[in-house]
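The next block holds one structure in the form of structure tokens; read it before the comments.
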Amino acid sequence: MRNAGDFDKRISLLHPVMGEDEGFGAEVTWKSETVWAQFLRPRFSASASLGSGDAVFITQGIRIRNRYVDKGWRVKYGDREMKILHIDDSVKGELTLTCQEIQS
């Protein structure tokens, strides 16, 4: 278990809430929960994208205390918003979220 001082960033976990389907698909809103987190070093990896050669894929690791979180949720930190791609629960009492920034 990490020292409480390691969790020095306030982030918002956003999970989708589906509205009623009015015949055009349900509207999605995002419910927010604020938690303490630790940001890890960003990972840079090269990947081939269709027809454009190599591209750089950047992910951000974020460590939080154990709670229910699911893939597809979002993390908001300041004006940055990231999608949760993977959740690692291999360390007792904490989760490591692998996220990618959402380009608006």
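The values are calculated or read from the model by the stated rules, or taken from the named source; none is laboratory data. As the structure is a prediction and not an experimental result, all values here were calculated from the model. In this analysis, Cβ positions are derived from the backbone assuming ideal geometry, glycine residues included, and neighbour counts consider all displayed protein chains.
Values as computed for the structure displayed
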read-out: Subset of the range 71-104 [assigned to a loop (DSSP other than H, G, I, E, B), at negative phi, more than 9 Å from the chain's Cα centre (by Cα) and not hydroxyl-bearing (Ser, Thr, Tyr)]; value: 79, 89, 91, 92, 102, 103
read-out: Yes/no for residue 61 being of a type outside the set (Lys, Arg) and either surrounded by fewer than 12 Cβ atoms within 10 Å (Cβ to Cβ) or at pLDDT below 85 (or both); value: no
read-out: Pair list, Cβ under 8 Å, 6 or more apart: the range 93-104 residue in contact (Cβ under 8 Å) with a residue 60 or more places away in the chain, other residue surrounded by fewer than 14 Cβ atoms within 10 Å (Cβ to Cβ) and of a type outside the set (S, T, N, Q); value: 93/1; 94/1; 94/2
read-out: Selected residue (criterion: modelled with the lowest pLDDT) from residues of the range 22-48 that are more than 22 Å from residue 86 (Cα to Cα) and in a strand (DSSP E or B); value: 26
read-out: Answer from 51, 19 - the residue that is at pLDDT below 90 and not in a strand (DSSP E or B); value: 51
read-out: Residue ID - surrounded by the most Cβ atoms within 10 Å (Cβ to Cβ), chosen from residues in the range 64-104 that are farther than 21 Å from residue 28 by Cβ and of a type in the set (Ser, Thr, Tyr); value: 98
